[in-house]
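Just below is one structure, and these are the notes that go with it.
Just so you know, all these numbers are worked out from the coordinates, no wet-lab data involved. Predicted, not measured: the structure shown is a model, and the values here were computed from it. All Cβ positions, glycine included, derive from the backbone under ideal geometry; neighbour counts span all protein chains shown.
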Amino acid sequence: MTNDIKQLSTPVEEFPQKLEKPQDIGFVFDIDGVLLKGKKRIVEATDTINYLSKNKIPFILLTNGGGMTEEKRIDFINKTLQLNEYPIHKDQLIQAHTPMKTLIPHHKRVLVCGGPNDDVREVAENYGFEDVIRPIDIIRANPTIWPYHMFSDEQIKNWGKDPKISKVDVDNIDPNENLPIDSVLCFNDSRELGTEIQLILDLLNSENGILGTRRKFKSNKPTIPILFSNNDFLWSNEFKQPRFAMGALKIAVLEIYEKINGEKLDQLTLGKPTKVCYDYAHHILIDWRKIMLGEKTADNICLPQLNDPPIKSPFKKVYMVGDNPESDITGGNNYNWGTILVQTGVYQDGDFERNPETSRPSLGIFPNVKDGVMAALKLNGLA
Ligand SMILES: [Mg+2]
């Protein structure tokens, strides 16, 4: 352990009882490895969240995960952390794809990629996208568009929309049966990598977003915009080695696009550690503070525009609490927030020695979320 990393290893028994101006300090928590470990709770998280809610210290959750509605994930978190008295509100959660809501006014008919089963169709429709197309709809209407797909007949029948409704029938002579698509939104890790790579590149190089067409020029600008909800290259499951995540799909799309166009693809990536994600989170934290103080009603959270940082922040200090130096800590440091690294997730002792370039937390490394939050409160004279 290098000496520029402070470590507080004494476990904290109880939180302080008297706080001054608690609403001037804000916390942003990663979920996996900080509040939860897989589907189980990290016990110290329950005390921490209850304490912050009870004392009206604003906080939000910021994850690169997704694939389900905010409501479903918050229900799961509240149950798992046993937050019966002070449940977390769904508007306090930002998943990787949550900021895509802001695109609704200009992106009516969207190709939504990734996610388990057909779940992200519900997420996108729930956000308010008018016409959500999924890769399986396109396969159902045009089986030869990617003949190597692995969807079963049953999945195509159950999840794929009827071509009369989806209007993506490339071979139909009626142009109204193959309507243009406005953008490609990669919500979550791909479950059909080959299909998605082919369909995404077809659309990025199409004429006006119409499937089955090919534009006659090369450009770094795709015909329709593409957004990736995060840049995570790897994730871990029960397998011995980390597995490919959305970042792998992005690399494939970028490489092939460049092969076709001779230029790098102009795209937008959300999620930690990008500034666009932290700007969005900052807006939500400011708004949640207003709701907490009764200046605004719940269920009326703001909808900030992408790449639009808050002009003024009421916070003296905001702390990002995470287990991943690459996403949580890098993003927090770049954004001038205080950063707290916990030892309950992906970070392992010795990681900084093995990879000296790894981002270091400004406040320190702590055994768990409770110790980290306690240290931040103490530092600000709140404990
Ligand atoms: Mg994490």
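If you bin all the Cα-Cα distances of segment 288-348 at 10 Å, starting from zero, the percentages per bin are 19, 35, 34, 12, 0.
Once C-alpha pairs closer than 8 Å and six or more residues apart are averaged by separation and normalised to the residue number of segment 98-269, the relative contact order reads 19 percent. The fewest-to-most ranking of His89, His282, His97 by surrounding Cβ atoms within 10 Å reads His89, His282, His97.
Per residue, how big is the convex hull of segment 196-288 when only Cα atoms are used? Give it in Å³. Spelled out: Cα convex hull of segment 196-288, divided by residues, is 137 Å³. Evaluating 6.51 cos²θ - 1.76 cosθ + 1.60 at θ = phi - 60° for every residue in segment 240-257, the Karplus couplings come out as 4, 10, x, 10, 5, 10, 4, x, 5, 4, 4, 4, 4, 4, 5, 4, 5, 4 Hz, glycine and proline recorded as x.
Only one residue of Ile226, Pro105, Ser152 has its Cα farthest out toward the positive end of the dipole of segment 98-269, where Lys and Arg carry +1 and Asp and Glu -1 on Cβ, and that residue is Ile226. Cross-link candidates for Lys37: which lysines have Cα within less than 18 Å, leaving aside residues fewer than 8 places away along the same chain? By straight Cα distance, Lys37 reaches Lys72, Lys79, Lys240, Lys370. A straight chain from Lys296 to Lys218 at 0.36 nm per residue would run longer than the Cα-Cα distance by 23.2 nm.
Label separation (Glu154 vs Glu255): 3.5 nm, computed from points 7 Å beyond Cα along the C-beta direction. DSSP bridge analysis restricted to segment 147-275 gives an antiparallel fraction near 45%, rounded to the nearest 5. Maximal additional length on extending the Asn355-Glu125 stretch stands at 78.6 nm, based on 0.36 nm per residue less the C-alpha distance.
Using C-alpha pairs below 8 Å separated by at least 6 residues, the relative contact order for the chain is 22 percent.
Each peptide in 58-70, 225-237, 302-314 receives the mean, over its residues, of other Cβ atoms within 10 Å, and ordering these scores from highest gives 58-70, 225-237, 302-314. Along its principal axes, the chain has C-alpha extents of 72, 48, 41 angstrom, given from the largest down. May I ask you to work out the translational diffusion coefficient for segment 69-185 at 25 °C, viscosity 0.890 mPa s, via Stokes-Einstein with Rh from the Kirkwood sum over Cα pairs, reported in whole µm²/s? Reported coefficient: 154 µm²/s. Descending by average beta-carbon neighbour count within 10 Å, the peptides 285-297, 255-267 line up as 285-297, 255-267, the highest first. Beta bridges assigned by DSSP with both partners in the chain are antiparallel in approximately 15 percent of cases. Shape verdict for segment 268-322, please, from the Cα gyration tensor: rounded (a/c under 1.5), prolate (a/b greater than b/c) or oblate. Judged from the Cα gyration tensor, segment 268-322 comes out prolate (a/c at least 1.5, a/b above b/c). Tell me the angle of helix 369-379 to the major Cα principal axis of the chain, expressed in degrees between 0 and 90 and rounded to the nearest ten. That helix lies at roughly 60 degrees to the long axis.
Output the 0 to 90 degree angle, nearest 10, between the alpha-carbon long axis of helix 43-54 and the longest principal axis computed from the alpha carbons of the chain. Once rounded, the angle reads 80 degrees. For the listed residue pairs Lys54/Lys312; Lys39/Lys157; Lys108/Lys161; Lys161/Lys216; Lys157/Lys250, the alpha carbons are over 21 angstrom apart in Lys54/Lys312; Lys39/Lys157; Lys161/Lys216; Lys157/Lys250. Around Gly38, with a cut-off of 11 angstrom between Cβ atoms, what is the net charge of the other residues, counting Lys and Arg +1 and Asp and Glu -1? Once all neighbours under 11 Å are counted, the net charge is +2. Only Lys, Arg, Asp and Glu carry charge here, each on its Cβ (+1 for the first two, -1 for the last two); on that basis the chain has a dipole of about 660 debye about its Cα centre. For the pair Lys275 and Glu85, the difference between a 0.36 nm per residue extended length and the Cα-Cα distance amounts to 65.0 nm. Using equal-weight Cα scatterers in the Debye expression, the normalised intensity of segment 98-269 in log10 at q = 0.19 Å⁻¹ is -1.37. Result for the chain in a Gaussian network model with C-alpha springs under 10 Å: among Ile156, Ile88, Ile133, the largest mean-square fluctuation is at Ile156. Computed over the chain, the per-residue total of -39500 (n - 2.57) for DSSP H runs of n ≥ 4 gives a 222 nm mean residue ellipticity of -9000 deg cm²/dmol, rounded to 500. Under 12 Å of direct C-alpha separation, and excluding same-chain neighbours fewer than eight residues apart, Lys378 reaches these aspartates and glutamates: Glu20.
I'd like the chymotrypsin sites (Phe, Trp or Tyr not before Pro) in segment 113-177 restricted to DSSP loop residues with at most 16 other Cβ atoms within 10 Å, sorted by number.
Working: sites: Tyr127, Phe129, Tyr148, Phe151, Trp159; in loops: Phe129, Tyr148, Phe151.
Sites meeting the loop and neighbour criteria: Tyr148.
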